1. From the list Ala65, Ala56, which one is among the small types (Gly, Ala, Ser), in contact with a Leu (Cβ under 9 Å, 6 or more places away or on another chain), modelled with pLDDT of 90 or more and within 27 Å of Leu8 (Cα to Cα)?
2. Suppose the filter is at pLDDT 90 or above and over 27 Å from the mean Cα position of the chain (by Cα); does Gly87 pass it?
3. Tell me, which residue of the range 28-44 that is more than 22 Å from the chain's Cα centre (by Cα) and not in a loop (DSSP other than H, G, I, E, B) is farthest from Lys12 (Cα to Cα)?
4. Looking only at the range 14-27, filter to residues that are basic (Lys, Arg) and more than 14 Å from Ala56 (Cα to Cα); which one of those is farthest from the chain's Cα centre (by Cα)?
Amino acid sequence: MTISKTPLPGRKERRLSQALTLQYDKVIFISEPSEPALVAIGKYVTVFDYPDGRLAIRYRGLDLACRTFDKIRQVDQGAIVDDKRLGPIGDDPRRTAASRARAAQRTATTRSA
């Protein structure tokens, strides 16, 4: 008898929404609108998480074609700073800090005199 040393994938059950989406491991997966996916709306599908990083989403043994939707998007701070409309907003906190520093300096010089 030969024993296989390949690790088995983890299995988790998730419900497929009306919008053909499901969430697994903080990622939203959007299923392509195929016949098996449309039949699986509102039902539990099985997510196979393989040790090598692959994922397979199946309903009754049929693979569902899916893509990821990144809801935690990263924003490039340089793009925000370069935006002309945000220029005056970005300057406001610096002006406030500078005016507070000047006021504190005036108060300190009047007390010491």
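The values are calculated or read from the model by the stated rules, or taken from the named source; none is laboratory data. None of these values were measured; they are calculated from a predicted model. Here the Cβ positions follow ideal geometry from the backbone for every residue, glycine too, while neighbour counts run over all protein chains shown.
1. Going through Ala65, Ala56 in turn, the sole match is Ala56.
2. In short, no.
3. Glu35
4. The extreme case among them is Arg15.
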